[in-house]
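Participant: First the structure, then my questions, so here it is.
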Amino acid sequence: MNPPASTNEASHPAGLTSDEARLRLEKFGPNTISDTRLHPLRRALANLWAPVPWMLEAAIVLEFALGKTIEAAIILVLLAFNAALGFFQEGHAQATLAALRSRLALNATVRRDNAWIGVAAAAVVPGDQLKLSLGAVVAADVRLIEGEVLLDQSMLTGESIPIEGGPGLQTYAGALVRRGEAVGEVTATGGRTKFGRTAELVRTAHAESSQQKAVFRVVRNLALFNGIVTTIMVGYARAHHLPMGEIIPLALTAVLASIPVALPATFTLAAAQGARALARLDILPTRLSAIDEAASIDVLCADKTGTLTCNELTVASVHPMPGFDSSHVLGLAALASSDGGQDPVDAAIRAAASRAIASDLPKRSHFVPFDPATKMSEAAAVEPSGLAIRVIKGAFAAVVTLAQSASEATQTATQLEDQGYRVLAVAAGPKEAMKLAGIIALSDPPRGDSAALIAELRTLGVRTVMVTGDAAATAAIVAHSVGLDGKVFPPGPLPEAVRPEDFAVFAGVLPEGKYALVKAFQKGGHIVGMCGDGANDAPALRQAQMGIAVSTATDVAKSAAGIVLTKPGLVGIVASVKEGRITFQRVLTYALNSITKKIVQVLFLAAALVMTGHAILTPLLMVIIMLTGDLLGMSLAVDNVLPSSTPNAWRISELTIAGAYMGISELVFCTAILALGKFRLGLGFETLRTLAFVVIVFGNQATTYANRERKRLGSTRPSRWLVASSVADLLIAATLAACGIAMSPLPLWVVGGTFAAAVIFAFLVDLAKVPLFSRLRIG
């Protein structure tokens, strides 16, 4: 990487020569953000390289090796389905970078060979003299050397108030010129600009989903356990001299029984269901994993400007001096304000004056726009009596030197400034006898729902901290007004171990600092949500498990965020947390159900092998069980559940214990029914195989309904899709068994008796489940 470009490069009053510009372009590279997007084919292949796909791929190879093309084709379809779901949920980092690139100027005006010429923004180099004109986007980081401009840097710094810029001011790529014209010397280009560093942070930002880690641990635990059981079964079969023609199908059946085929697909389906629910509330998820993480966040980092506040200057208070009232002070200030343009201060003054119309105001005859050198704007006006007066509006320190003022004026202005307000003074009168009319305090007010949002999040177990680039005094005032009372961390380096409970506000934080703060909280074991609106928030939005862009956010912030609020206000954050917890409960039920099924199926194969001396299920029967079971399991992704009142967390050890209890309980049930069929009913082996198929399907139904409840069976009404899937599953299994399709026929009364036994088993297993789940904190 090239060293940072700086103004140490020789400055040329006439601008660079064409040859010098070409050499610097070769040295520093083009003024662009590098494109590191992955090829779609590589992204697609990445979805085939994970624990569950590995197991499916191994099963496909084994099926083809044994000539079982139908079974192999079915598993191949399942593999492709899972991969396709994952592929279409990726690529958001690339979208973020594209939005960052689009924010940069496409063209620029530079001085080359002692002449101003237009060049592509990509051709701007360090040392170039760059012209900044009204409405232009600054093409690179520059230091102003002449002229005066009003710069809007809110997309970069989060500051809602544009800044006045003159010689010596450093400004950045992506800033917008609101007023004036200036010339600056380029100090950094491309990836070395402040904008470029933000883009690099976005590209490298990545928070590993807690759900992704949970999936991996579930699959790992199942694979390890089932691998051990399968190895023991194969050893047992070899010791009892079973032919290889039976051992290989036995091993393949055990492998198929071990694979949680629909686990990734169900996680995605549950998140998609949550996304549809949020969309109905005008909340747009851009990354499905953000919905899952919304269930677990315990810290919300909220940007001040545009997130907790309206990102719009308004008149907070008017302090008239003796002889004036508030409406006259505002009216006079409006006379000294431009009637149009993009100056937010003038817009706020005009809006306030229109709501408090004063009578007998002077009539303006001439207007002089704001001058950064004097820090004032002024108007010439004529009183109704015909007296010509001068009206000035500007910084208190500048205005008070030109007008008579009351003794308390300075004290009032100081108090307002200490409280974080932007303070303006208004004076009027004949040129030689002007009087201070009043003081106007402006602020970016909190949103009306911010305090309620923070209070509700607190009841949900989520701690909110303000993270802003603004000054500590301003941030503290806004924080207090929205219910964030606590210490303010002043501008400066973050300590190595910073905790969200130590501070309510982090002030003066740069983009890199926001990103680092999110990572520090994550390192401390917190699941972090981050909401913001500007490009400066993009890296932190991307790094956070739950990035939220408010309705006024830039495209950059929206691309980086996982959730975008499409309406003003922050009530959508509470809705996202609640919907995330609903999604979590659905996924938790499926994961618990998957552990239960995989434990019972492999152990049942082992128990049946000992009982009968043969592989009780064929690979084809296991594939049918997989298909019907996954249909039932995936319907849990749209089931009716109740959200928890506290942040959720994946407790894999406790989940495994709960699943093991349910699995062993079902194993006892299934083994008992199989023993009854063999020893009491005297069924032949092929008929026993059918009975084994039926009891596994019916037993899975029983534990599914027990697993979906955190309390007693029947506490909540199952969804229509779950009921429909159950009916379809039962009918398919009963029809295949009774008609002898792909297996020997089983008498209807045996099928019916097994179903009745499964219903009784469901209520019995539920008795011990409730205290166990409570102790293990499942849900």
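The values are calculated or read from the model by the stated rules, or taken from the named source; none is laboratory data. Just so it is clear, the structure is predicted and the values come from calculations on it, not from any experiment. Please note: Cβ atoms are built from the backbone with ideal geometry, for glycine as well, and neighbour counts cover all protein chains shown. For the accessible areas, the whole protein counts, side chains as well, though only heavy atoms, and no ligand, DNA or RNA atoms are used. Shrake-Rupley method; radii C 1.70, N 1.55, O 1.52, S 1.80 Å.
Participant: Quick one: pull the percent of accessible area on the range 211-330 belonging to carbon and sulfur, 1.4 Å probe, ligands and nucleic acids left out.
Facilitator: 64 percent
Participant: Taking the solvent-accessible surface of protein heavy atoms with a 1.4 Å probe, what is the per residue accessible area of the chain in Å²?
Facilitator: With the other protein chains kept in place, the chain gives 41 Å² per residue.
Participant: Considering only protein heavy atoms and a probe of 1.4 Å, how much of the accessible area of the range 345-471 is carbon and sulfur, as a whole percent?
Facilitator: Whole-percent figure for carbon plus sulfur exposure: 54.
Participant: If you don't mind, there's one more thing I want to ask. Is it possible to state the helix-based mean residue ellipticity at 222 nm for the chain, with each DSSP H run of 4+ residues giving -39500 (n - 2.57), the sum divided by total residues, to the nearest 500 deg cm²/dmol? What is it?
Facilitator: Value at 222 nm, helices only, nearest 500: -16000 deg cm²/dmol.
Participant: Okay, next question. So between LEU281 and THR552, what do we pick up on full extension, going 0.36 nm a residue minus the alpha carbon distance?
Facilitator: 95.9 nm
Participant: Convert each backbone phi in the range 731-742 into a coupling constant with the Karplus relation 6.51 cos²θ - 1.76 cosθ + 1.60 (shift: θ = phi - 60°), then list the ³J(HN,Hα) values in order as whole Hz, x for Gly and Pro.
Facilitator: Each residue of the range 731-742 in turn: 5, 4, 5, 5, 5, 4, 5, 5, 8, x, 8, 6 Hz.
Participant: Another one. Rounded to the nearest 5, what is the percent of antiparallel bridges among the DSSP beta bridges in the chain?
Facilitator: Percentage antiparallel, nearest 5: 75.
Participant: Moving on. In nanometres, what is the gap between the two model label sites at ALA497 and ALA455, each 7 Å from Cα along Cα-to-Cβ?
Facilitator: 3.6 nm
Participant: If you stretched the chain out fully between THR231 and ARG22, how much longer would it get, using 0.36 nm times the residue separation minus the C-alpha to C-alpha distance?
Facilitator: Extra length available between THR231 and ARG22 comes to 68.4 nm.
Participant: Once you mark the trypsin sites (Lys or Arg not before Pro) that are in a DSSP loop and have at most 16 other Cβ atoms within 10 Å, what is the longest gap between them in the chain?
Facilitator: My reading of the result: 38-279 is the longest stretch.
Participant: Mind giving me the nanometre distance, one decimal, between the label points for ALA373 and GLU654, set 7 Å out from Cα along Cα→Cβ?
Facilitator: For ALA373 paired with GLU654, the spin-label model returns 7.0 nm.
Participant: For LYS431, list the lysines whose Cα falls under 23 Å from its own Cα; do not include residues on the same chain fewer than 8 positions away.
Facilitator: LYS363, LYS375, LYS393
Participant: Now for a different question. Which value in Å is the Kirkwood Rh of the range 378-476 over different Cα pairs?
Facilitator: About 16.4 Å, per the Kirkwood formula over Cα pairs.
Participant: Further, regarding this structure: Suppose R0 equals 35 Å. What FRET efficiency, 1/(1 + (r/R0)^6) with r the Cβ-Cβ distance, do ALA756 and ALA80 give to the nearest 0.05?
Facilitator: Once rounded, the FRET efficiency stands at 0.35.
Participant: Next question, about the same structure. Within the chain, what's the longest stretch lacking GluC sites (Glu not before Pro) that sit in DSSP loops with no more than 13 other Cβ atoms inside 10 Å?
Facilitator: The longest uninterrupted stretch comes out as 497-779.
Participant: Hey, another quick one. Which of the lysines could a cross-linker span from LYS558 if the Cα-Cα distance has to be under 24 Å and same-chain partners fewer than 8 positions apart are dropped?
Facilitator: Within the straight-line cut-off, LYS558 pairs with LYS194, LYS304, LYS514, LYS519, LYS567, LYS578.
Participant: Along Cα→Cβ, 7 Å out, is where each label goes; now give me the distance between the ones at ARG775 and ASP325 in nm to one decimal.
Facilitator: 7.6 nm
Participant: Apply the Debye scattering formula to the range 443-563, with a single equal point scatterer on each alpha-carbon and no solvent, then give log10 I(q)/I(0) at q = 0.13 Å⁻¹.
Facilitator: -0.47
Participant: Can you run phi through the Karplus equation (6.51, -1.76, 1.60; θ = phi - 60°) for the range 443-458 and list ³J(HN,Hα) in whole Hz, with x for Gly and Pro?
Facilitator: Karplus-based 3J(HN,Hα) across the range 443-458 equals 8, 9, x, x, 5, x, 9, 5, 5, 5, 4, 5, 5, 5, 4, 4 Hz.
Participant: Still on this structure, please answer the following. Would you please calculate the Kirkwood hydrodynamic radius of the range 668-723 over all C-alpha pairs and express it in Å, rounded to one decimal?
Facilitator: Hydrodynamic radius (Kirkwood, Cα only) of the range 668-723 equals 12.9 Å.
Participant: When averaged across all projection directions, what area in nm² does the alpha-carbon convex hull of the chain cover?
Facilitator: Here the figure is 40.7 nm², rounded to one decimal.
Participant: FRET efficiency for ALA58 and THR566, Cβ-Cβ distance as r, R0 = 56 Å, nearest 0.05?
Facilitator: 0.80
Participant: How long are the three semi-axes of the equivalent ellipsoid for the range 213-368, computed from the Cα gyration tensor as the root of 5 times each eigenvalue, in whole Å, largest first?
Facilitator: The equivalent ellipsoid of the range 213-368 has semi-axes of 77, 14, 11 Å.
Participant: Full extension from SER385 to ALA65: what is 0.36 nm times the residue separation minus their Cα-Cα distance, to one decimal in nm?
Facilitator: Full-extension gain reported as 104.7 nm.
Participant: Using DSSP loop states and a limit of at most 14 other Cβ atoms within 10 Å to flag chymotrypsin sites (Phe, Trp or Tyr not before Pro), what is the longest stretch of the chain containing no flagged site?
Facilitator: Of all site-free stretches, the longest is 89-779.
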